[in-house]
1. Any residue in region 242-259 that's part of a loop (DSSP other than H, G, I, E, B): show its pairings with residues that are near the ligand (Cβ under 8 Å from one of its atoms) at Cβ separation under 6 Å, as long as the two are six or more apart or on different chains.
2. If the requirement is being under 18 Å from the mean Cα position of the chain (by Cα) and closer than 26 Å to V98 by Cβ, which of these qualifies: L135, L186?
3. Would you pick out the residues in region 106-120 that are touching a Ser or Thr at 6+ places or on another chain (Cβ under 9 Å) and either among the charged types (D, E, K, R) or more than 16 Å from the ligand (Cβ to nearest atom) (or both)?
4. If you go through region 239-268 one residue at a time, how many are more than 14 Å from the ligand (Cβ to nearest atom) and surrounded by fewer than 17 Cβ atoms within 10 Å (Cβ to Cβ)?
5. Just wondering, is there one or more residues in region 270-291 that are without any contact (Cβ under 8 Å) to a residue 40 or more places away in the chain, touching a Lys or Arg at 6+ places or on another chain (Cβ under 9 Å) and surrounded by 18 or more Cβ atoms within 10 Å (Cβ to Cβ)?
6. Taking the conditions exactly as written (more than 10 Å from the ligand (Cβ to nearest atom) and either touching a residue at least 40 places away in the same chain (Cβ under 8 Å) or not assigned by TED's automatic domain parsing to the domain that holds T20 (or both)), does T236 satisfy them or not?
7. Look through L43, L56, L83, L66 and report the one residue that is over 18 Å from the mean Cα position of the chain (by Cα), of a type in the set (A, V, I, L, M, F, W, C) and more than 23 Å from D137 (Cα to Cα).
8. Give the residues of region 186-197 that are within 13 Å of the ligand (Cβ to nearest atom) and among the aliphatic types (A, V, I, L, M), sorted by residue number.
Amino acid sequence: MSRTPSSQSTLQAFPPAKRTLKIGRHVLPNAVVLAPMAGVTDLPMRELCLELGAGLTVGEMVTADLSLNETRKTRHRRQVSPLEQPRSVQLVGSEPRVLAEAAKHYVDTGADIIDINMGCPAKKVCRKAAGSALLADEALVGAILDAVVEAVDVPVTLKIRTGVNPESKNGVSVARIAEQAGVQLLTIHGRTRADRFKGSAEYDTIAAVVDAISIPVLANGDIDSTHKARRVLAHTGAAGVMIGRAAQGKLWLPGLIAKQLGGEQCSAPSIGQQLHLLQRHVNALHQFYDDYLGVRIARKHVGWYLDGLFVSPFSQPGAAEQTQPDLALTDLEQRDVALKAWKKRFNQLERAHDQLDYLEALHHLAPELLAFNQQAQEETVSLRALPTSYLTSGDLAA
Ligand SMILES: Cc1cc2nc3c(=O)[nH]c(=O)nc-3n(C[C@H](O)[C@H](O)[C@H](O)COP(=O)(O)O)c2cc1C
């Protein structure tokens, strides 16, 4: 692949070198971190991401209010894995004393790093003036960070957005408060609280924060490839990157970006390897949750994997209903119909072993699917050539 002059200069600015990251006494193997995503990055996903080379994972946020600690959700979020070393626990809350008490509690039960969430825009959190709503009250930010740093003898890290809204981007000011309080790593998502997830992340404010403080900064927001990670690192001077939504259905992405940033020649896993990973992931979800919950949680992950494997150029509401087992796939449009039908079929399965059987069938089709994926770009493909009965008939649910 020939490189443009501009990408060459970016590459020169970041010659292949193994980037590591220090958080207090913890030295991470690389500086590519999986973002905490409540309801997504549960323990099974984090373990697999670590195995696949992510430098660090951060637990889904847990409330600092320990009296709310006994819900089913929090019980799952509190589970510990020997693979998470160091183990970073993210707290959300708004009262300095409560957050400090919670930090102590989690350190006593094995946390190696305490991360404070001041980035989440979710209503449920913000109604209690926690998460990114705190950015509007810098005095409170300081009081929280002082209290938590004082309470524990492990590194405290902070995750923020660039500010409350585009008119009030106080990321630099909050970053200085954090550094002064003794926070040892700052992650910034390049959107304001008011932006929620709209528009594109911007990296100028992240660059300004990197200039303003001397603790390591992780750049976050819309990073979905090694190329993008390189550009963001070059633009901001950040110590590393945090990857969120792009890792959904692509658990190997943080590890791949880390390896490629370090100069390793490697590429994304093959379609067969990805399907194998999907099987392991779904199996792990069944083990981690009970069957009822595991089956339901697996559905969204399978949807993401399939979206990633078979990039769909069409969006056709209701297309799945039109699918017939012997439908002739004449073009990309029909491939899209098939993809939707596979997802729909999977989502109808109610039992853990039916889901695993279905994925096994999909896995056995990997060579045909790969060929299908490639050929569909160029020529007419007949679905009759594929053993689609696996995927559309009811036999798997029997
Ligand atoms: C479903 C979902 C759940 C999230 N949960 C959390 C969370 O628990 N704590 C947090 O600090 N950020 C949370 N975030 C924000 C992400 O960590 C990240 O900052 C954001 O998605 C931007 O990065 P990305 O563009 O790479 O996804 C969540 C994001 C999503 C999409």
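1. G244/A35; G244/M37
2. On the way: L135 fails: under 18 Å from the mean Cα position of the chain (by Cα).
The unique qualifying residue is L186.
3. So in region 106-120, the residues touching a Ser or Thr at 6+ places or on another chain (Cβ under 9 Å) come out as 111-120.
Passing the criteria: D112, D115.
4. Matching residues across region 239-268 total 6.
5. yes
6. Working: more than 10 Å from the ligand (Cβ to nearest atom): yes; either touching a residue at least 40 places away in the same chain (Cβ under 8 Å) or not assigned by TED's automatic domain parsing to the domain that holds T20 (or both): no.
Considered against the rule, which asks whether it is more than 10 Å from the ligand (Cβ to nearest atom) and either touching a residue at least 40 places away in the same chain (Cβ under 8 Å) or not assigned by TED's automatic domain parsing to the domain that holds T20 (or both), T236 comes out as no.
7. Working: L43 fails: over 18 Å from the mean Cα position of the chain (by Cα); L56 fails: over 18 Å from the mean Cα position of the chain (by Cα); L83 fails: over 18 Å from the mean Cα position of the chain (by Cα).
Exactly one of L43, L56, L83, L66 is over 18 Å from the mean Cα position of the chain (by Cα), of a type in the set (A, V, I, L, M, F, W, C) and more than 23 Å from D137 (Cα to Cα), namely L66.
8. Applying the first criterion (within 13 Å of the ligand (Cβ to nearest atom)) to region 186-197 yields 186-193, 195-197.
Across region 186-197, the qualifying residues are L186, I188.
The values are calculated or read from the model by the stated rules, or taken from the named source; none is laboratory data. Since this is a predicted model, take the numbers as computed values, not measurements. Here the Cβ is made from the backbone with ideal geometry for all residues, glycine too, and neighbour counts use every protein chain on show.
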